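Student: What follows is a single structure, and I will ask about it in a moment.
The values are calculated or read from the model by the stated rules, or taken from the named source; none is laboratory data. These numbers were taken from a predicted model, which means no experiment stands behind them. With ideal geometry, Cβ positions are generated from the backbone for all residues, glycine too; neighbour counts draw on all protein chains shown. Heads up: the accessible areas ignore ligands, DNA and RNA and are worked out on the full protein's heavy atoms, side chains in. Shrake-Rupley method; radii C 1.70, N 1.55, O 1.52, S 1.80 Å.
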Amino acid sequence: MTKAVKNFLVLPAFCTVLSLSSSVPLGLHAQSSTKPPRAASQSETGPPKLKPEQERGLRLLKAAEGESAALQPMMHAFVLWRASYAYTKINPKHAEKLSSEAFVATQAIEDAPENDSCAAPGSSGDIKSWIQQSVLYDLVHKDRLQEVEKLLPRATASVRNQITAELVRYYQSKKNFTHAEALLSTLADSDRYPFGIAASLLNALGPEHSADRISIFNQALNNFKNHSTEASFGGDDIGTFIEHAWNDVPSGLALEAISKILEAAKEANSPSHYSMTSAKGSVVLNSNYALRLFQFLPILQELDKDKAEALLRDQTEVADQLRTYPKGMQSLQSENTYGVTVGRSGIAGAAAQQQVEAQMQERVETILNQADTDPAGALAKALTLPVHATSESSSPRAQALLGIARKVAAKEISVSKSALDDFSTIQDQLTPQEMSGIDNLPELYLKVGDTDAAKKAVDILVKAAGKIYEHDTDPDDPNKAFEGTWPSTDLWRKAIQQAAKISSGLPDEIIAGLPDPEISAFQKVVFASAVVGTVAFDDSILVTDCRKNGAGFRVSSWR
C-alpha cells in the first residue's frame, strides 16, 4: 500500500518518541506563578443559560456519558473525551472534569504492542496515546501547566515525549528561550527527534543567540547521524529542518550537514519512488538520493555553486525537474489546500503508477482552478474524467464534480446544482473507499437551496456508510483499527452532522438504525455536539483502515 504524508503540513501523528529527563525540571509551577491576573472564566461565573436545543443536547450528552461506562475501555475513554468537547459551551467545568476522566479511563486500555502494524506505540493507531496526547495538549494551550505536570507521568512514553516537544513550542511562544532549549536538549537522542520544532526555535533566536543556533543545529545533525537508518521524509524530518535553518548558521556548517544527509541517502540505495503533487505541479523521482538532491540543490547553488553544478551533471533526472521547479520543494508549495503530498513505494512499477496518479490529480486541480473563471467549461471537462482512478482510493470525476459544486455554490447556483446532479448519476458506481469523499454532499445541496435533495443526500451518506461498514467488518479481512476511527463510523458521523442541519428528528432515525451499540454511543455525542454547536480543540478526528496488507490513516474535519 502506498503511504502518503503531507509535506510542510504538521499533523497530530505522535511522531516523536523520547523520554523525559529528570535532570531538567519542567518548571511548570514557576511559569504559571508569574502570569498576570486573568478574568474569571465561564466555569467560575456559572454555566450560561441554555436554549431549548442546547437543553436537548445536554440530555443526549448525559445519556451517552452514562452509557459509556458499559462500553469497552477504548470506546469508554473515547466517548468521554469527545463528550468533554461538547460540554465546553454549556458547562465548561464539567468539560474539564470529563477530559480528566477520559485521561484516567485510558489507563484501562492495554498498551499498544510493539509489533502491531495497526497501532504501534506512538503511531496514529495508538488510541490510548492519541487521547492522552490530546488531553494534555489542550491543557498546555490553556496554560493549565500544573495539571500537565500531574498527569504527564501517567501517560505513555510516546505521549510524555510528544508533550515535552510541545512544551518546547509553548515556551518558545512565551519567549522563554532558555527553558525551551533546555527541554529540547532532553530530546537530543530521541529516535524521532522533533526537527520541525527545533527549526522553529532556531529561527526564533536572533543573531545575538548565534551560539545557541549552532548548538541546536548540531544537536539535530547529531541526532540524524545516530538515527539515520530510521529517518523518514516529510514535514518534520532532517531535510525540512535544513531547508528552514541553513541560513541562520555558518555556511560551512550547513554544507557539512547537507553532505552528510546526501551521503546517507546514497548509501541507503533502497528501491524507492517518490511522487510529489501540489496545485503548482507534480514531480516523480526514483531514489532517496534524487529526492534529497531536489530538496537541497537550490540551497547548494547559493552556498557552493561549483559543487551544485557538479552534482547536477551526474543527475539529469533531477536537473530536468529543477529547470521546471528551480526552488525545489519550495516551488511546489502552494496556498491550495491540497498542499504538497509525498508518496513513497518500493514496489516495482510503482513509479509509473504514481506518475499516472499525479497527472490525474493535476488534471483535477486544473479543472477546479478553471471553475473560478469558467464554471460551465470546468463542469464539461469534469465529465470527461474517469469515474475510477488506478489507486481505487478516490474518484477523479466525483472529486472534480463535488469540488466545482462547492466552489461555485454562491455565485453560479445552476452550475453547482448541475455538478451535484451529475455526481448523483455515478454515486452507485463508487467503491467504499471512493465513498469517503462525499461527506459534504447534503451541505452542498443546502447551499443551492434544495432541502429535499439534501435529505436524499443524507440517505446516500447513510447507505454509503453501511456499505463501508460491511467492508470494515469483512470476516475475511476486517478493519483491525479501533472502531471509533473506522471509515464507516466517520461517514455516519458526517451524515448525522449534516442531518442535524436539516431536521431535528433525522439524526435520531440514523442513530436508531446503527448496527453497533459502541458506534451508536459515540454517534449520540456527535449529535449532541451538533445541537450544542461545539467542536474539538483541534477540529479534527482520525480515520483508520488497517488490513492484512497494510494500514492507512487520514485526518477528517470534525465540522
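Student: Please report, as a whole percent, how much of the solvent-accessible surface of region 419-559 comes from carbon and sulfur atoms (probe radius 1.4 Å).
Tutor: 48
Student: Just how large is the dipole of region 69-155 about the Cα centre, in debye to the nearest 20, putting +1 at every Lys and Arg Cβ and -1 at every Asp and Glu Cβ?
Tutor: Here the size comes out at about 480 debye.
Student: Using a 1.4 Å probe and ignoring any ligands, DNA or RNA, find the accessible area of Ile214 and quote it in Å² to the nearest 10.
Tutor: Roll a 1.4 Å probe over it and Ile214 shows about 60 Å².
Student: How big is the Rg/Rh ratio for region 379-492, C-alpha atoms only, Rh by Kirkwood, two decimals?
Tutor: Radius of gyration over Kirkwood radius for region 379-492 works out to 1.00.
Student: What FRET efficiency comes out for the pair Glu114/Val356, r = Cβ-Cβ distance, R0 = 30 Å, nearest 0.05?
Tutor: Numbers: r = 37 Å, r/R0 = 1.22.
With R0 = 30 Å, the Cβ-Cβ based efficiency is 0.25.
Student: Determine the per residue accessible area of region 357-431 with all protein chains present and a 1.4 angstrom probe, expressed in square angstrom.
Tutor: Heavy-atom accessible area per residue stands at 45 Å².
Student: Could you report region 95-151's accessible area per residue, 1.4 Å probe, as an integer in Å²? Before the final figure, lay out the partial values.
Tutor: Values: 2320 Å² over 57 residues.
Accessible area per residue, region 95-151: 41 Å².
Student: Here is a follow-up. Expressed as a whole percentage, what fraction of the accessible surface of region 76-133 belongs to carbon and sulfur atoms when a 1.4 Å probe is rolled over the protein heavy atoms?
Tutor: That share works out to 49 percent.
Student: So which GluC sites (Glu not before Pro) in region 375-443 are both in a DSSP loop and have at most 13 other Cβ atoms within 10 Å of their Cβ?
Tutor: Glu392
Student: Right, another one. Region 42-133: which trypsin sites (Lys or Arg not before Pro) are DSSP loop and have at most 10 other beta-carbon atoms within 10 angstrom? Could the numbers behind the result be given before it?
Tutor: On the way: sites: Lys49, Arg56, Arg59, Lys62, Arg82, Lys89, Lys93, Lys97, Lys128; in loops: Lys49, Lys89.
Filter output for region 42-133: Lys49.
Student: In the structure shown, do any of Lys97/Lys128; Lys411/Lys501; Lys467/Lys524; Lys62/Lys467; Lys411/Lys524 have a Cα-Cα gap over 27 Å, and if so which?
Tutor: Working: Lys97/Lys128 18 Å; Lys411/Lys501 22 Å; Lys467/Lys524 21 Å; Lys62/Lys467 30 Å; Lys411/Lys524 36 Å.
Violating the 27 Å limit, Cα to Cα: Lys62/Lys467; Lys411/Lys524.
Student: Which whole-number value in Å² is the accessible area per residue of region 477-559, probe 1.4 Å? Spell out each step's value before the answer.
Tutor: Working: 2810 Å² over 83 residues.
Accessible area per residue: 34 Å².
Student: Given a 1.4 Å probe and the protein chains all in place, what does the accessible area of Val531 round to, in Å² to the nearest 10?
Tutor: Approximately 30 Å² for this residue.
Student: Next up: With viscosity set to 1.306 mPa s at 10 °C, what whole-number translational diffusion coefficient in µm²/s follows for region 124-238 from Stokes-Einstein and a Kirkwood radius over Cα pairs? Spell out each step's value before the answer.
Tutor: Working: Rh = 14.8 Å.
Answer, rounded: 107 µm²/s.
Student: Using the Kirkwood radius built from alpha carbon pairs, what does the Stokes-Einstein equation give as D for region 449-535 at 10 °C and 1.306 mPa s, in µm² per second?
Tutor: Details: Rh = 13.2 Å.
D = 120 µm²/s.
Student: Here is a further query. Check each of the GluC sites (Glu not before Pro) in region 61-162 and keep only those in coil by DSSP with at most 12 other C-beta atoms within 10 angstrom; list them in order.
Tutor: On the way: sites: Glu65, Glu67, Glu96, Glu101, Glu110, Glu114, Glu147, Glu149; in loops: Glu110, Glu114.
Qualifying residues, ordered by number: Glu110, Glu114.
Student: Within straight cross-link reach of Lys49, meaning Cα distance under 18 Å, which aspartates and glutamates are found once same-chain residues fewer than 8 apart are removed?
Tutor: Here the aspartates and glutamates satisfying the reach criterion relative to Lys49 do not exist.
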